[in-house]
1. Which aspartates and glutamates, on any chain, are close to Lys376 with Cα under 15 Å apart, when same-chain ones fewer than 8 places away are left out?
2. How far is it, in nm, from the label point at Asn451 to the one at Ser829 when both lie 7 Å from their Cα along the line to the Cβ?
3. Could you give each residue of region 117-133 its phi-based ³J(HN,Hα) in whole Hz, using Karplus coefficients 6.51, -1.76, 1.60 with θ = phi - 60°, and x for Gly or Pro?
4. Estimate the FRET efficiency between Ala315 and Met219 by the formula 1/(1 + (r/R0)^6), using the beta-carbon distance for r and 25 Å for R0, to the nearest 0.05.
5. Near Pro43, within a Cβ-to-Cβ distance under 9 Å, what is the net charge of the other residues, with Lys and Arg +1 and Asp and Glu -1?
6. Mind giving me the FRET efficiency for Ala630 and Arg137? R0 is 41 Å, r the Cβ-Cβ distance, nearest 0.05 is fine.
7. Need the list of lysines near Lys335 for cross-linking: C-alpha distance under 19 angstrom, and skip anything on the same chain fewer than eight residues off.
8. Sequence gap of 8 or more, or different chains, plus Cα separation below 25 Å: how many lysine pairs satisfy both in region 525-683?
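The values are calculated or read from the model by the stated rules, or taken from the named source; none is laboratory data. Since the structure is predicted, the reported quantities are computational estimates derived from the model, not experimental observations. All Cβ positions, glycine included, derive from the backbone under ideal geometry; neighbour counts span all protein chains shown. Remember, those area values only see protein heavy atoms, side chains included, never the ligands or the DNA or RNA. Shrake-Rupley method; radii C 1.70, N 1.55, O 1.52, S 1.80 Å.
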Amino acid sequence: MNKIKQLCEADAGRPEVMQGNIAFAVGCARAGIHAADGYPGTPSTEVIDKGLSKVQDKINVGWSVNEAVAAAVGIGHTYAGDDCVVTMKIPGLFQACDIFTSIALYPVPRGSLVFYVASDFTPSSTQHVIDPRYLYRSCFLPVFEPRNHQEMHEAPRIAADVSRQFNTASVVHASGLLCHSEGLVRLAEKASRPRTEVGSMKELNSLPVQTRKAYDKVMAERLPAMMDFVENSPLNIRVRGAGKKGVITCGSGAMHAAEYRSRFEPDLDILSIGFTNPLPMKKIRAFYDEIRANGGEVYVLEDGYRFIQEACLMAGMDVKGKEVNSPVTEWTPAKVAAFLGRPFGESREVRPVPRPPMICAGCPYRLIGETLSKLKKRGEIEAIFGDIGCNTLLYFMNALDTGLAMGASEGIRTGYVLSRPESVAKCVSLLGDGTECHSGMDATRNAVFRNVAGVKIVLDNNWIAMTGGQPSPASPCNLAGQPTHFDLVEALRAQGAEVMVADAYNLKEVRSTLRDALAAAKEGRFVTLVIRGTCIRKVPAADYGQELHVDEQLCKRCGNCLICPGIEMGENGVPRWNNLCTGCVSKNPACGQMCPAKAISTSRRSSGSAAGAVALPEAPEKVEAPKLPASALPSRLSVVIRGVGGQGNLFFGKALAQVAFLAGYGDTNILKGETHGMAQMGGPVISTFACGDVSCPEPVPGTADCLIVMEKSEVLRPGFLDLLRPGGTVLLAETRVFSQAMDRSAYPDAEVEASLAGFRVIRANVLDIALKLGDASGRCANVVMLGALSTLEPFNALPEGIWLGALQQVTPKPELWKLNHAAFKAGQSMIAQA
C-alpha cells in the first residue's frame, strides 16, 4: 500500500508531517470528495501529481490540457451531483477566467465546486504576482485561506460544505509557503458524501435573461447569507494580549504573526481571519475599536496587495499596512519584525556566486539552445519569442529573449512579423509540447489562418517537465495509465501547418532542419519545427549507464564542450564530468558533438563504478529508537540548510522530520520548508527545519541552532548567516560547485572566509567521504553531514538510536540503508576527529 493510501485510510487523529499540498490531497480523500481535476502549475501540482493520483480507486482524478478545460470538467462533475476540486496556480486561474466568472453567479443546487488556487507571491516559479482576491470579490465567491498545515488538510471539507450550503463555487486560496512547506497534521475524520440532487439543467445557462436573474438572486439571498456566515464562523480566531497593539491577518500571515508574538511581543493581540471573502467586517471593526480605545495601533499583515487593508480604510479604520507602492508581496519573518517595530540590523554586503537556473544535464533542449544561441550571436536571428516551461531556461543560454505566458510565443511572433515583414526569417517562436497542447495550438492555427509566414519551434520532450513530468496529450499515457491516441505532429499538420521534425540529440540534423525551416519562411511559408527527445527524468534507469571519456592527446583544450552543468574544466584544461552528468541518457552526447577534435568517447558504466562497490561495514538489521521523556527534549531545535539544486538537500528535512517524530515532538509541532520551482535547476536552494516551540517554517533571524552549507559559497547568500543564533554552529562543506562556464579563479574563497570571521565553523569534506564510500552520485554527503549534526549541541540531546532509527525509516531498502548507516557514522567520526 502506497504512503498516500495509508494516510487516507489511517485512523483519525494520527499525527503526520505532510507537505501542505499533500495534506490538502489527503483531506480531499478523507472528506469524501468525489473528483479532482486540474493542470500542473507550481506550487499546486503535488495535490494531484503526488497525492490524489495515488488513490484513483477513491477519487475520480485526472489532468486536463489546460486550466479552462479543467474548470469545465470540474463543473461537469458537479452537474452530475458530485463534489469536485479543481487545482491551479494563480496564472492558471486567469487562464480559466471566462469559465470561473461565468459559473460564479449560478444559484442552482448541484455538487460542490472548489477551486484550489495556489499563490506564489515571491515569485519562485510564476510569471507575475497579481493578487486575485479582487477578482474573487467581484465574483461574490466565498474564499477560505488556510493558515497552517492542519487547515490545509481540513480545507476540502470546509470549502465543499460552504459550496453546497450556498449553491456556489468556492475558493481555497493557498499560500505558496504552505503549499510547499511541511508541518504537523492530525488526520481528519473519514467521511462519505452522497451525491447532491441537481436543480434544473435548463437553469444552468448563461443566457442574458438568466444571468440577470441569477445576479439579482445572489445579491438578495446568497451574499447576505454568506456575510452572516463569515461573521459567526469559528474560523475567525482571536488571540488576546494586552489590548494595546493589534494585528489583523489571514493565511500564512497568521504563522508569521504567531512566530513574531512568541519571540518578541507576547502581549500582542491578533485577529486571524479564516474567510477573506466576504470579509467579517463587523468582527474586524470590533477588534479595531477595542485596540484603538486603549490608544493602540492596528496593523494588517497579508500577502499579495492590500485587499484587507483597503477594505478597512474604506470602512474608516485607520489601520497600518503597506504603502500604496510597497514592493512587499510576500512576508518573511525579518520583514514582519521590521513592520511591527523590531527591525534587525543590515545584512552583510556580500556577492554570492550567480547561479541562474539551468536546464538539466543531458536535457534534449541543449543542442537546439546551442544552435539558436550561435545564430543569434552571428546576427542571423534577431529575436526568439519564448514561452512558459523548461524552455524558459534557454534564456540563460542566450537562446531565448521574451517570455510572457502559456501559449503566447507564436501569437507574439505573428504580431512582430506583421509589423516587420522583413524579419520573417530572422525570428522564431518557441515553446514546449505541453504548452503547445495547453494553448499554443490556437496560435498555430491562427498563423495558418492569417497566412503569416515564419518558424515556430515545438520542443517535444513528451511530458510537462518543468513541474515534474506530468502527462500531456503528447505523452505516451494519461494519468490513469491509459495510452493516449494523440499524435502531436499529425495534429499540427491538421491545423494546416507544414511540419519538420529533428532528433534533439543529433546536432547536424537540428542545425540543417532549422536552416531549412528559416529558408522556407523566407519563401513565405509557415513551418512548425518539432525537436524530439524525451525528458531525461522520464527515461528508464538503464539509460543512465553511459560514461564519457576524453582522449587527452586529441583534446585541444578549446572549451567548446563546456555547454552543460555535467561537464567542467579540469585543472589541466582537459574537461571532466561531474556527478551531475547523465551521459545524455545513452543518446549521442551533446558535449561530444561540440568537440572539433572528436576527443570524447563513451562506454557503458561498469559495475565497479556504482555505489556499493566499496566494502561497507554491516548495518544493524533493525534499530530500536529509545523513548525519551518530554523533559529531556530541548524546547526547540532549528536548522537551516543551503546548497545548490541537484545536491539532494531536500533529504535533510525528510530525515529530520522523522528524527523529531521519534524523539516525541509530534506532541508539539514539526515544520520544514524548502525551495521549489526554477531555483532547483542548478540554482540556490534553501531548506529549513524546526520542531518544538515553533509556528512558522521560515525562521526568524537569530534563532537557528545550526546552519548547514552543502556548497561552500552558498554561505554568502544575503541574510543567511543572520539566521544563526548567538553561539550556534556553521557546518561548512568544502564542496565547490561552479556555475556553467564560470572562471574557476572567480570562485569567492576569500569572501567566504571573511564572512565567517567570528562564527563557530566546522569544516567538512563530506563529498570526498561520500565518494570514498562508493556513492558515485555523492548524494550520501547529506547523510555524512546529518551524522555530524547529531553530535552538536543541542542536537546531541537526542540519542544516536533516534537518529539511526529515523534514517532507517526514510531509507529502508537494505543496500541504501547500509550505505547511509556508514555515511552517518563517518559524519560522527569526522566531528570526533575534528
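1. Asp401
2. 7.8
3. Computed from phi, the couplings for region 117-133 are 10, 9, 8, 8, 7, 5, x, 9, 8, 9, 7, 7, 10, 5, 7, x, 5 Hz.
4. 0.80
5. -1
6. The calculated FRET efficiency here is 0.35.
7. Output for Lys335: Lys245, Lys320, Lys322.
8. Here the count comes out as 9.
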